[in-house]
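Some notes on the structure that comes next.
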Amino acid sequence: MRALAVTALLWGVTAMAQATPQVTVMTTVPVTGTAMDQVVASVVDTGVHRGGTLTVTLRILAASGAVLAQVTGPVSEGAPLRLSVRAPSAAGVRAQLVLPMNRDPLGVGFLVLERWDPPSPPVEPPIACRIPRTGDPIGGTSEPTTGEPFKCVMEIRAP
């Protein structure tokens, strides 16, 4: 009877794990600067209008991985999602985007990270990572791409 109970418990946990929807997480490489720099992360759809809206979570992460700022909201053509915060130190900050597995509503989506010292305008080009469409292969976890300005790591996770 005990073995049956343990088997039923394990089956239930396995079934729950399989039912958990997966998400795609895209994270930029760290960008260093000076303390109190302005950091802006954006999700923008620059493609031809597809008539859809995608709800995403956008975060700005400290070098330690702590979340400095977070917002969840819709993105569509002409309606980007932006998040801004002051960098607590010179250490690298990253933008992180949590997407549902179905990314089809985006035509040509980008995750963009900018860091600069106001009031001066940014002198470094922003990091811009193209968001792959649902059918595009990302192969689980991929290494940052080598070409400029595309520098992101993508992985599939349970939320």
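Worth pointing out:
- A single member of Arg59, Arg82 is under 20 Å from Pro118 (Cβ atoms), in a strand (DSSP E or B) and open to solvent by 50 Å² or more (accessible area, probe 1.4 Å), and it is Arg82.
- For segment 77-106, a residue qualifies if it is under 16 Å from the mean Cα position of the chain (by Cα) and among the polar types (S, T, N, Q), and the qualifying residues are Ser84, Gln96, Asn102.
- Index of the failed condition, Leu106 passing every other in (1) surrounded by 15 or more Cβ atoms within 10 Å (Cβ to Cβ); (2) modelled with pLDDT under 90; (3) closer than 18 Å to Val29 by Cα: (3)
- Filtered residue count, segment 121-140, keeping only those that are modelled with pLDDT of 85 or more and small (Gly, Ala, Ser): 1
- Filtered by the rule that a residue be in contact (Cβ under 8 Å) with a residue 24 or more places away in the chain and open to solvent by 30 Å² or more (accessible area, probe 1.4 Å), segment 125-137 gives Pro125, Arg133, Thr134.
- Residue count, segment 85-103 (criterion: part of a strand (DSSP E or B), open to solvent by 50 Å² or more (accessible area, probe 1.4 Å) and closer than 17 Å to Val25 by Cβ): 1
The values are calculated or read from the model by the stated rules, or taken from the named source; none is laboratory data. Every value quoted in this text rests on a predicted model; they were computed, and no experiment measured them. Reconstructed Cβ throughout: ideal geometry from the backbone, glycine too, with neighbour counts over all protein chains shown. Areas reflect the complete protein model, heavy atoms only, side chains present, ligands, DNA and RNA absent. Shrake-Rupley method; radii C 1.70, N 1.55, O 1.52, S 1.80 Å.
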